[in-house]
Amino acid sequence: MRTYLATLILAAAAIAQAPETLPPVSIGDPVPATPVPTVTLPSPSAIPPVPASPDGFGTELPPGTVVSPPMGTPPVVRPPTPVFGAQPEVPPGPIYWTGFDYLCWRAKGGPVVPLVSAVVGAPALANPLDANMAFALSSDEINRGPFSGFRLTAGMWLDKPRGSGVEAVFMWFPQQTDTTTYTDAPGAALARPFLNARTGTPDLFQLSTPTGTVRGAAAVRSTLETEELELNHLHRGNAMFSEEMYWVMGVRYWGLDESLTTEVTSRAGGVTATSFDTFTTRNRFYGLQLGPRLNFYRYNISVTVGTKWAVGIMSEESDIRGGSSMLVPPGVRFDRQGGVLAQATNIGEYDRTKLAWLRDFSLSVGYCLSPGIVLRVGYDLLWVSNVLRPGGQIDPAVNPTLFPFGGAAPAGAFRPVQRFDGEVFWMHGVSLGLEVRF
């Protein structure tokens, strides 16, 4: 076996060829260079421009495509969209803007007790009148509207167009008055209803008789006025669902003034008696606010949606006044404090301060008439957590012995009394305006 293996090894060595000898190489000899063809680039003017597209990026390219810029500038890469967290590119544009809007809004009606009532037919001949047979003539709420007002807006961008900026907003609904008059009629007795504090039952203060021996009339007048001022800072945020998004941060003032007055007169022979009750409320809100504003653009149409929340203090004041007069022949007049629902027990000025919050919502659609001029129509909602309203300050319970010319000695409960009854308030409506940008 060993002899057989040795024979195979010797045979393989005899068959193998000798290695090929490589030619000698001298270190330092030059190596021939491979020729490189010359490439001539076209001049920039010979390159056709890329047609623009509505989004401002040129022709539509796949996400991540590198676009060659002009010579001497770094390359620009269009990132895939959307890119969350990336700083938005701000196009150039106007620096200042101002706007005017006409407002037509409605308000939440202020609840109020019946102020004027009447008894008709045979029950009107009874003496005294039965209050259970009377029906209310006056409305059960006041200051519902609609109300007309206006809003002025002015602002400017601080760093660059459509970047961060400041804005001021002033809104005013001038005082508007609503008056309803009630007169006597044959077969009916006019009266002022109240709750008798001594008996706890409904009662009437009679103003006229159905036979006409005593003539009477009544008038209910209400007023409303509101104003608002905002000073805001606009901070541009990352728009994920719209073309632009801003955080609106600032201070806000809002005020509401209302009044409710009932005047009555009665005349019998040569004697004339008059009286009035007036309930006035004033509300002043001072606070800080924050909220988003989203802008959408499609061709010449723009849509703006925004909401803000404000938290602060509400200063509330209530003023109750009343008086009665009697004119007797030959022209002698007597004046006394107190009417029907406003007596010496509740007449005066009262105030308090509460924590309150205010929120609003706005939606507007604009159409660009020409560069820098936008016609817009919108809807607004304003909501306030707590206000004083005139009807809430009325105490319907009255001690009839306290009437100025009642003739009876005061006795029993000291009613009416002053009340702080606050409630939620809101206004909403449409707007039509014009905005100028320059």
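The values are calculated or read from the model by the stated rules, or taken from the named source; none is laboratory data. Since the model is a prediction, treat every value here as computed from it, not as a measurement. Note: ideal-geometry Cβ built from the backbone for every residue, glycine included; neighbour counts use all protein chains shown. Remember, those area values only see protein heavy atoms, side chains included, never the ligands or the DNA or RNA. Shrake-Rupley method; radii C 1.70, N 1.55, O 1.52, S 1.80 Å.
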Asp421 paired with Trp309, simple spin-label distance in nm, labels 7 Å along Cα-to-beta-carbon: 3.1
Projected label distance in nm at Tyr96 and Leu125, using a 7 Å step from Cα toward the beta-carbon: 7.8
Cα shape, region 255-300, gyration tensor, a/c 1.5 rule: oblate
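Can you give me the accessible area per residue for region 361-438, using a 1.4 Å probe, in Å²?
Numbers: 3440 Å² over 78 residues.
Here the residues of region 361-438 average 44 Å² of exposed surface.
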Accessible-area composition of region 102-152, carbon plus sulfur, in percent [1.4 Å probe]: 61
Rounded to the nearest 10 Å², the accessible area of Leu355 at probe 1.4 Å: 120
Karplus-derived 3J(HN,Hα), 6.51/-1.76/1.60, for each residue of region 146-157, Hz, glycine and proline x: x, 10, 9, x, 8, 9, 10, 10, 8, x, 7, 7
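Tell me whether region 108-245 comes out rounded, prolate or oblate; compute the Cα gyration tensor, take square roots of the eigenvalues as a ≥ b ≥ c, and use a/c under 1.5 as the rounded threshold.
prolate
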Summed residue charge, Cβ within 12 Å of Ile142's Cβ, Lys/Arg positive, Asp/Glu negative: 0
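Looking at region 219-296, which GluC sites (Glu not before Pro) are in a loop (DSSP not H, G, I, E or B) and have at most 16 other Cβ atoms within 10 Å?
Numbers: sites: Glu225, Glu227, Glu228, Glu230, Glu243, Glu244, Glu258, Glu263; in loops: Glu243.
Listed in order of number, the matching sites are Glu243.
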Distance-filtered residues of region 141-182 - backbone nitrogen under 12 Å, label point 7 angstrom along His235 Cα→Cβ: 164-165
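How much of the accessible area of region 205-337, in percent, comes from carbon and sulfur atoms when a 1.4 Å probe is used? Mind dumping the intermediate values first?
Working: 3880 of 6240 Å².
Answer for region 205-337 is 62 percent, counting heavy atoms of protein chains only.
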Segment Phe405-Glu317, extension gain: residue separation times 0.36 nm, minus the distance between their alpha carbons: 28.7 nm
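Given a 1.4 Å probe, how much area per residue of region 106-193 is accessible, in Å²?
Numbers: 4230 Å² over 88 residues.
Dividing the accessible area of region 106-193 by its residue count gives 48 Å².
Report the local net charge at Trp97: Lys and Arg +1, Asp and Glu -1, summed over other residues whose C-beta lies under 9 Å from its C-beta. Please report the intermediate quantities before stating the final value.
Details: positive: Arg437; negative: Glu167, Glu435.
Once all neighbours under 9 Å are counted, the net charge is -1.
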Net charge, Ser222 excluded, C-beta distance under 11 Å - Lys, Arg +1, Asp, Glu -1: 0
Amide hydrogen neighbours beyond the local backbone of Arg415, cut-off 5 Å, H modeled: Asn399
